[in-house]
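Written below as structure tokens is the structure these notes are about.
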Amino acid sequence: MILLWFLLIPFIGGLFSLSLEKINIKYTRISAIITMLILLFLSIYLYFLNINTKSIWILQYRTIWIERFGIYINLALDGISLIMVLLTVFLGLLAVIFSFKEINKCIGLFYFNLLWILGSIIGVFIAIDLFLFLFFWEIMIFPMYFIIFLWGNSYKEKIAIKFFIYTQISGLLLLITILTLVVSNYYVTGKMIFDYQSLLNTPIGNKLGFIIMLGFFISFAIKLPISPLHSWLPDVMAKNPKYGSLDLIGILIKTAAYGLLRYNLCLFPKQAIEFAPFAMIIGIISIYYGAILALAQINIKRLLAYSSISHMGYLLIAIYSNNILSLQGAIMFIISNSLSSAGLIIISGLIYERVNTFDMRFMGGLFGKLGAIPGFALALTIASLGIPGTGNFIGEFFILLGNFKRYPIITIFSSGGLILTAIYSLKLIHKVYYGKTKNKNIKNIFLSLSEVNILSIIILLIFLFGFYPQIIFDISIKSITKIAQKTMFFY
């Protein structure tokens, strides 16, 4: 039952936050923070539960939902989904905390939407019934749409619609793909079922399997996103609330990476191997395309968006390398990249509060004028670069090392993207903090104790995972090994 309650708590918390606004705004914020703290404590409990279990699934909950169509409320937690849930809860807590000073209208509705996004994302990570997975995949779109539409910046209506169209295309394609898989299984076995573990053994032809796998891939690629399906992300990042991108970059787009790991590799191992070279070429294109466009940006948040697109190229290469080293690197990369990106988004929001712009042309010379912010920014930029000692370095190193065994040419080409990453990262630091001071109206606002503590914790975690990555590897090794074994058979 703990998994069911873990899933329901954010939805219940969202309803409480919405209803408490009529009594007192403070109660709304207290409700949101209590909800996230409960989830955090439960996540920590699940972490220690994982240490003491030897099976693949740490916990599982199953009950019938729509019996006629073989649809179950089927929830399960393994090492990979545990890591994703821990990351979701931590970054969700940060999103709630930093929204306190930014969101001043319809506060109850904002926390309702935010907590329902988090609940839907948790549902995606722990659902092992494909109908239930699709249900949560679709639900998360609507509250995110309203957050952009109601609390975004200029052109928010147009950007919200663009986001909705892209994600609806992803959802529609996923629906068609899942139904094709389920119906194909029904024709062979005579059973209508959406259960993930049952569908793992679906006897399906190679051509049809490849088409279904491609449907899953495109659907996840839109949400990841990778070039050329990426154009919604920079716009949404730029027009989202200052700290609203924490849940977008840090969590929402990582559901697509999880989908590739859980469904593409496991349901279609043979087809995934055949498609791997093409996926890696797409990954290389994304690496260079995102990095080159990041170099051309003048808006900090758009630069971070294109940086994320570039980084997702490495993640795509890692997932389709189909070996334990690269897959472990992918998990570490997801965590560390999410943390460093979240930290840089927080920094960009803090800078905006002081200079009232995200445009780097109106910055410069801020190093001695923003207190501790430049120091935190430098540490997070170093992490994003993948300097040794950071979790980002461990992730990138394992990805490239694992990939080099089978695809050395791909590894060499993808490594070149690291040079561009260094260039646009240094450009960001130089344009914002060095040179002549271009903005004379800098607000002298000191960092609060909570802001210092949060940024310090993020940086500490990044370096902890860099010096002691075994913390993460021990959690995910059983699940990663099982995925790798399914694909290795077809080499």
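Can you tell me which residue among Ile73, Ile80 is among the β-branched types (Val, Ile, Thr), surrounded by 22 or more Cβ atoms within 10 Å (Cβ to Cβ) and touching a residue at least 40 places away in the same chain (Cβ under 8 Å)?
On the way: Ile73 fails: surrounded by 22 or more Cβ atoms within 10 Å (Cβ to Cβ).
Of Ile73, Ile80, the one residue that is among the β-branched types (Val, Ile, Thr), surrounded by 22 or more Cβ atoms within 10 Å (Cβ to Cβ) and touching a residue at least 40 places away in the same chain (Cβ under 8 Å) is Ile80.
Give the residue, chosen from Ile454, Ile480, Ile442, that is modelled with pLDDT under 80, surrounded by 13 or more Cβ atoms within 10 Å (Cβ to Cβ) and touching a Leu at 6+ places or on another chain (Cβ under 8 Å). Full working, then the answer.
Working: Ile454 fails: modelled with pLDDT under 80; Ile480 fails: modelled with pLDDT under 80.
Answer to the selection: Ile442.
Which residues, counting only those in region 124-144, are of a type outside the set (A, V, I, L, M, F, W, C) and free of Cβ contacts under 8 Å to residues at least 40 places away in the same chain?
Matches in region 124-144: Glu138, Pro143.
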Exclusive hit being over 18 Å from Lys440 (Cβ atoms) and crowded, with 22+ Cβ neighbours inside 10 Å, set Gly375, Gly343: Gly343
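Quick one: in region 140-150, which of the residues that are under 16 Å from the mean Cα position of the chain (by Cα) and in a helix (DSSP H, G or I) is farthest from Thr177 (Cα to Cα)? Don't jump to the end; show me each part of the working.
Let us first name the residues in region 140-150 that are under 16 Å from the mean Cα position of the chain (by Cα), namely 140-141, 144.
In the following step, the residues that additionally are in a helix (DSSP H, G or I) were identified as 141, 144.
Values: Ile141: 19, Met144: 24 Å.
The qualifying residue farthest from Thr177 (Cα to Cα) is Met144.
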By residue number, the members of region 388-439 that are polar (S, T, N, Q), crowded, with 17+ Cβ neighbours inside 10 Å and without any contact (Cβ under 8 Å) to a residue 40 or more places away in the chain are Thr411
Of the conditions (1) surrounded by fewer than 18 Cβ atoms within 10 Å (Cβ to Cβ); (2) hydrophobic (A, V, I, L, M, F, W, C); (3) outside any loop (DSSP other than H, G, I, E, B), Trp57 clears all except one; give me its number. (3)
How many residues, within region 285-301, are of a type in the set (Ser, Thr, Tyr) and closer than 16 Å to Leu344 by Cα? 0
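Evaluate the following for Thr35: is it of a type outside the set (A, V, I, L, M, F, W, C) and surrounded by fewer than 23 Cβ atoms within 10 Å (Cβ to Cβ)? Full working, then the answer.
Numbers: of a type outside the set (A, V, I, L, M, F, W, C): yes; surrounded by fewer than 23 Cβ atoms within 10 Å (Cβ to Cβ): no.
Taking the combined requirement at face value, the residue does not satisfy it.
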Evaluate region 93-110: report whether one residue or more is surrounded by fewer than 23 Cβ atoms within 10 Å (Cβ to Cβ), in contact with a helix residue (DSSP H, G or I) (Cβ under 9 Å, 6 or more places away or on another chain) and on the phi > 0 side of the Ramachandran plot. yes
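For region 383-420, enumerate the residues that are β-branched (Val, Ile, Thr), over 21 Å from the mean Cα position of the chain (by Cα) and assigned to a loop (DSSP other than H, G, I, E, B). Walk me through it before giving the result.
Keep residues of region 383-420 that are β-branched (Val, Ile, Thr), which gives 387, 390, 394, 399, 409-412, 419.
Narrowing the set further to residues that are over 21 Å from the mean Cα position of the chain (by Cα) leaves 387, 409-412, 419.
Passing the criteria: only Ile387.
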If you go through region 315-331 one residue at a time, do you hit one that is free of Cβ contacts under 8 Å to residues at least 60 places away in the same chain, among the hydrophobic types (A, V, I, L, M, F, W, C) and touching a helix residue (DSSP H, G or I) at 6+ places or on another chain (Cβ under 9 Å)? no
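Considering Asn337, Asn322, which residue is assigned to a helix (DSSP H, G or I) and of a type outside the set (A, V, I, L, M, F, W, C)? Let's see the steps before the verdict.
Numbers: Asn322 fails: assigned to a helix (DSSP H, G or I).
After applying the criteria, what remains is Asn337.
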If we take region 170-269, then helices (runs of 4 or more DSSP H) inside it with 2 or more residues that are under 22 Å from Gly152 (Cα atoms), of a type in the set (A, V, I, L, M) and in contact (Cβ under 8 Å) with a residue 24 or more places away in the chain are 232-239
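Counting only residues that are of a type in the set (Val, Ile, Thr) and farther than 19 Å from Ala256 by Cα, which one in region 191-217 is surrounded by the most Cβ atoms within 10 Å (Cβ to Cβ)?
Step one: filter region 191-217 for residues of a type in the set (Val, Ile, Thr), giving 193, 202, 204, 211-212.
With farther than 19 Å from Ala256 by Cα added as a condition, the list becomes 193, 202, 204.
On the way: Ile193: 20, Thr202: 18, Ile204: 22.
Only one residue fits best here, namely Ile204.
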May I ask you to list the residues in region 266-302 that are under 27 Å from Tyr352 (Cβ atoms), over 22 Å from the mean Cα position of the chain (by Cα) and surrounded by 20 or more Cβ atoms within 10 Å (Cβ to Cβ)? Gln297
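The values are calculated or read from the model by the stated rules, or taken from the named source; none is laboratory data. Keep in mind the model is a prediction, meaning the values are calculated, not measured. Counting neighbours? That spans all protein chains shown, and the Cβs are built from the backbone with ideal geometry, glycine included.
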